[in-house]
Amino acid sequence: MNLRRISGRFSSSGCSLPLVSFLLSCAFLPSVAAQSCGSQGIAAQVLGSGGPELQDKRASSSYLVWENGQARALIDVGGGSALRFGESGAQMSQLDVILFTHFHVDHSGDFAALIKSSWFEDRKRALPIYGPAGNDFMPSTTEFVSDLFGEKRGAYRYLSELLVPGEESSYKMQPHNVVANSTPVAVFHSGDLYVYAVRVVHGQVPALAWRVQVGNRNVVFSGDTNGQDGGLVQLAMNADLFIAHNAVPEGAVGIERRLHMPPSVIGQIAEDAHVRSLVLSHRMLRTLGKEDLTQSEIKKRYSGPAAFANDLDCFPVR
Ligand SMILES: [Zn+2]
């Protein structure tokens, strides 16, 4: 797929400001009016800006893409994010699609809570759910959903009507496994919403990065990855907003580095992909408090605007 075709109209904003104004460069700040995120135009909202540790006092990974007051795409549902979903004003009945980057707990732990909440809403159309295929170590997306909601062995089989054909319910979940490689692949579209994925490297865990296009705006979600493999650069090419995971500090080694990308790698990918703006999320105890070092490593490679995410931050995509 030629991403230039879908995003070639975008070019770099050309922001290039000194380090001291890094966070404020190009007026790139989240909206404080989280309750009205995306009420006009397109916006990405951070539901969870943390990693797995509860002591970071952040919900785990989760994001919404809004368009004109409708929450259209939900990317990951880590622990704590179901509460943030409610606080954001979103409703499950609004969603066109749910996308999983992978099935670590900090990306999927609140999924059942959202589905249960949806039971009280008036959703009448199918709910497509996309995520990675499985391996011996992790379930596929269809396995993950059926392990929770399957009628015979699902942990929450009392809600199987929302999954199993033939049972009476207002809507059905429709889980799909995405077999991706390092070339972006078109996965889903509904109206003016288009979704693309690439495989990313996250240890032995099958993992995807996602690109969500609404109209002519594009938001790319790295998910968890060590940044190896060139697919993420292709996926993020000319994106308006690139949300990358700041899970390890510069200089990380060993298992931390094998699973996650340090700031220098994030900055290089943002630069190589010519993204218009960068948001750093999935902040953890090992990166919180090191923002100055993170900023400086990114700034050496990427000259565009960047910001550190907090829960419920809203980033309009203009
Ligand atoms: Zn994670």
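Points worth noting:
- Only protein heavy atoms count here; under a 1.4 Å probe, R125 has an accessible surface of about 100 Å².
- Inter-label distance, nm, simple model (7 Å from Cα along the C-beta direction), L54/K300: 3.8 nm
- Calculated FRET value between E250 and F137, using beta carbons and R₀ = 22 Å, to 0.05: 0.20
- Note that segment 114-248 carries a Kirkwood radius of 16.3 Å, evaluated over its alpha carbons pair by pair.
- Note on the chain: GNM, Cα springs under 10 Å; of A307, A236, A209, the largest mean-square fluctuation is that of A307.
- Neighbour net charge for A90 - beta-carbon separation under 10 angstrom, K R +1, D E -1: +1
- Under 17 Å of direct C-alpha separation, and excluding same-chain neighbours fewer than eight residues apart, K300 reaches these lysines: K290.
- Bridgeable aspartates and glutamates around K299 (alpha carbons under 19 Å apart, same-chain partners fewer than 8 residues away excluded): D240, E250, E271, D272, E291.
- Dipole magnitude of segment 266-318 about its Cα centre (Cβ charges: Lys, Arg +1; Asp, Glu -1), debye to nearest 20: 80 debye
- Residues of segment 157-196 with amide N under 18 Å of a point placed 7 Å along Cα→Cβ from D122: 169-172
- Between N310 and E168, the distance separating the two model label sites (each 7 Å from Cα on the Cα→Cβ line) works out to 4.9 nm.
- Residue-wise HN-Hα couplings along segment 184-191, as the Karplus relation 6.51 cos²θ - 1.76 cosθ + 1.60 with θ = phi - 60° gives them from phi, are x, 10, 6, 10, 7, 8, 8, x Hz; Gly and Pro carry x.
- Here the Karplus curve 6.51 cos²θ - 1.76 cosθ + 1.60, taken at θ = phi - 60°, turns the phi angles of segment 307-316 into couplings of 8, 8, 7, 10, 4, 6, 4, 10, 10, x Hz, with x standing for Gly and Pro.
- Less than 5 angstrom separates the built amide H of G131 from those of F100, H176, V178, all sequence-distant by 5 or more or on a different chain.
- Kirkwood Rh in Å, taken over the chain so that all alpha-carbon pairs contribute: 19.3 Å
- Accessible-area value, D229, 1.4 Å probe, nucleic acids and ligands omitted, Å²: 60 Å²
- The chain, accessible area per residue, ligands and nucleic acids excluded (1.4 Å, Å²): 40 Å²
- Residues of segment 53-68 falling in the label zone of S36, defined by backbone nitrogen less than 20 Å from a point 7 Å along Cα to beta-carbon, are 64-68.
- Projected label points at S190 and V105, each 7 Å from Cα along the beta carbon direction, are separated by 3.0 nanometres.
- Remark: segment 226-238, residue by residue, has Karplus-estimated 3J(HN,Hα) of 8, x, 6, 5, x, x, 5, 5, 4, 5, 8, 3, 6 Hz, where x stands for each Gly or Pro and the curve is 6.51 cos²θ - 1.76 cosθ + 1.60 at θ = phi - 60°.
- Furthest towards positive pole of dipole, V275, A126, P165, structure part the chain, Cβ charges: V275
The values are calculated or read from the model by the stated rules, or taken from the named source; none is laboratory data. This structure is a prediction, so every number in the text was calculated from the model and none was measured. Every residue, glycine among them, receives a Cβ derived from its backbone with ideal geometry; neighbour counts consider all protein chains shown. Protein only, heavy atoms only, side chains kept; ligands, DNA and RNA dropped before computing areas. Shrake-Rupley method; radii C 1.70, N 1.55, O 1.52, S 1.80 Å.
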